[in-house]
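The values are calculated or read from the model by the stated rules, or taken from the named source; none is laboratory data. No experiment lies behind these values; they were computed from the predicted model shown. Cβ placement follows ideal geometry from the backbone for every residue including glycine, while neighbour counts extend to all protein chains displayed. Calculation scope for accessible area: heavy atoms of the full protein, side chains included, ligands and nucleic acids excluded. Shrake-Rupley method; radii C 1.70, N 1.55, O 1.52, S 1.80 Å.
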Amino acid sequence: MAEAVPTVFVVDFGAQYAQLIARRVRECHVFSEIVPSDITASEVARRAPSALILSGGPASVYAEGAPKMDSGIYALGIPVLGLCYGMQLMAVDLGGAVPKTDVGEYGFAQLSVTDPSCELFEGLSTEQHVWMSHRDSVGTAPAGFRVTASTPTTPVAAMADRERRLYATQFHPEVAHTPAGLDILKRFLYDVAGLSPTWTMVNIIDEAVGRIRAQVGDAKVICGLSGGVDSSVTAALLHRAIGAQLTCVFVDHGMLRLDEAADVVHVFRDQFRVPLVHVQAQKRYLDLLAGVSDPERKRHIIGEEFWKVFFEEATRLEGVGFLAQGTLYPDVIESGPGKAAKIKSHHNLIPFPPGVHFDLIEPLRTLFKDEVREVGAELGLPDHIVHRQPFPGPGLAVRIIGDITEEKLDTLRRADAIVRQEIGEWDTDREVWQYFAVLPDIRSVGVMGDERTYGRPIIIRAVASADAMTADWARLPHDLLAKMSNRIINEVEGINRVAYDITSKPPGTIEWE
Ligand code: XMP
């Protein structure tokens, strides 16, 4: 049985390559799924994807333990596009040669299309810049293939066997450095595989709504709402599908930023009219956290208490059958060649109280973060939620070094609001990944007016990043730093210094804990 939505399988020979390809395919409005390289031909035949793309990967095809693929897949008649490692594997599997060479090719290369009638290059310039990153390359294309493009160092830079619907490029069409890359992918998807660009936000939502209704039936669904992007979009999507069968539980642990709790309540209860239980658990958390300064301990207490409070509320409601979670696609696939799509079990992580059990519903589990934001926008969630910066689950608790008190929370909240307002007004294009204030556990002397002070500093953290894995401190203008410093010292009592963190990640982390 074919997949319900026409699907391209991206065979994973290297996780970051596979994810990028999967995202690019989706940018072409075709649904894609990452599958492990040990997927069998019979499994592929059973699931009948519309096409396969073999990803690049770090291995050499001859290296011991280099990932292989069931070569029966080439004979299924499903179009296959091999990229980089995927091309070399295709060549070796089908009788071509990949000689060991001393010359690799890294960076831009000048590609000459030698067969402009090849569907991949039709209508595109015959001379192109492409991005290469390889040591080995195909020396002889397998029988039945034509060489369709070459570069000065790589004579077989692309090859195709129209009959068997097999295509390959040594370069990376999925990276932004290959300017015609997306066009080449589109030609493969639309012209070779005959797909249409039908995977659009409207269809994604319609399809998800249908699936949710079928899964849930008349049961009630409970969803923990934090105000973050993932839980907010999950809630909005469920609400679209099942209306008042959904109840959201918003556990206010008191570690949120200024006005954040009120905003969550306003958006979901007043605007979306979602049945919402707002649990005011601030005092409960402060009591539990009193005197605790170890960061791990703080996180543990907050996490554990969340589930206690959540299930207290959830078990009050009658007829709940499902627990909704904002799990995203990168949470579902494990990284590493051959490991993609091995499902991580979230069920084990949820501490159901004895005798309580809900099935999980995860309507975003096939989507990447940027797609989730688009779904949220399409569903009418406000911009500030859809584009909310990452914010740790334990909230300000990780940004107060040392023990947590109500007074420190209040101080940090007010300083943080100034940082967010000032940088937000300056960074209109959202170039800065994340910015916030931190309250460390020290005091120092200062002088204000005629008086000596003994106050706390505020540390401003602002970083540029693409994915939070690495980050650099943001080069904010001095005037902006000066304005924040002045405002924080003048407006936030107890603060007598402001410092700016100029540490990248690594060696630092983004958060202070
Ligand atoms: P670090 O501090 O490790 O943070 O460089 C990387 C990114 O993760 C965010 N972060 C969290 N996000 N729950 C979250 O949802 C958490 O407990 C958590 N801790 C850190 C952090 O803000 C940064 O974007």
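How big is the charge dipole of region 364-513 about its Cα centre, in debye rounded to the nearest 20, if each Lys and Arg gets +1 on its Cβ and each Asp and Glu gets -1 on its Cβ?
Here region 364-513 has a charge dipole of around 280 debye.
Taking all protein chains as present, what is the carbon and sulfur share of the accessible area of the chain, in % to the nearest whole number, probe 1.4 Å?
After summing per-atom areas, the C and S share lands at 52 percent.
Scan region 16-103 for chymotrypsin sites (Phe, Trp or Tyr not before Pro) in coil per DSSP, keeping those whose Cβ has at most 12 other Cβ atoms within 10 Å, and list them by number.
Qualifying residues, ordered by number: TYR62.
Just to confirm a number: summing +1 for Lys and Arg and -1 for Asp and Glu over residues other than PRO58 whose beta-carbon lies under 13 angstrom from that of PRO58, what do you get?
Overall, the nearby charge balance is -1.
Within the chain, what is the number of lysine pairs with alpha carbons under 26 Å apart, leaving out pairs fewer than eight places apart on the same chain?
Lysine pairs meeting both conditions in the chain amount to 22.
Compute the Cα gyration tensor for region 201-386, then decide on rounded, prolate or oblate, letting a ≥ b ≥ c be the square roots of its eigenvalues: rounded whenever a/c is under 1.5, prolate when a/b is larger than b/c in the other cases, and oblate in all that remain.
Because its axes are fairly even, with a/c under 1.5, region 201-386 counts as rounded.
Give me the 1.4 Å probe accessible area per residue for region 7-192, excluding ligands and nucleic acids, in Å².
Averaged over the residues of region 7-192, the accessible area is 37 Å².
Give the shape of region 99-156 as rounded, prolate or oblate, defined through the alpha-carbon gyration tensor: a ≥ b ≥ c are the square roots of its eigenvalues, a/c under 1.5 means rounded, and otherwise the shape is prolate if a/b is larger than b/c and oblate if not.
Oblate, because a/c is 1.5 or more while a/b does not exceed b/c.
May I ask you to evaluate 6.51 cos²θ - 1.76 cosθ + 1.60, the Karplus curve with θ = phi - 60°, for each residue of region 9-26 and list the ³J(HN,Hα) values in order in whole Hz, giving x for glycine and proline?
For region 9-26, the Karplus curve yields 8, 9, 7, 8, 10, x, 4, 5, 5, 4, 5, 5, 4, 4, 5, 4, 4, 5 Hz.
For region 254-296, with every protein chain kept in place, what is the accessible area per residue (1.4 Å probe, Å²)?
Computed with neighbouring chains in place, this is 52 Å² per residue.
Which value in deg cm²/dmol, rounded to the nearest 500, describes the helix-derived mean residue ellipticity at 222 nm for the chain, given -39,500 (n - 2.57) per DSSP H run of n ≥ 4 and division by the residue count?
-9000 deg cm²/dmol
Which of rounded, prolate or oblate describes region 7-192 when judged by the alpha-carbon gyration tensor and an a/c cut-off of 1.5?
rounded
Please report the net charge: other residues with Cβ closer than 14 Å to the Cβ of VAL130, K and R +1, D and E -1.
Counting the neighbours of VAL130, the net charge comes to -4.
Just to check I understand the Karplus step: with θ = phi - 60° and J = 6.51 cos²θ - 1.76 cosθ + 1.60, what whole-Hz values come out for region 135-146, glycine and proline as x?
Rounded to whole hertz, the list is 9, 6, 7, 6, x, 10, 6, x, 4, x, 8, 10.
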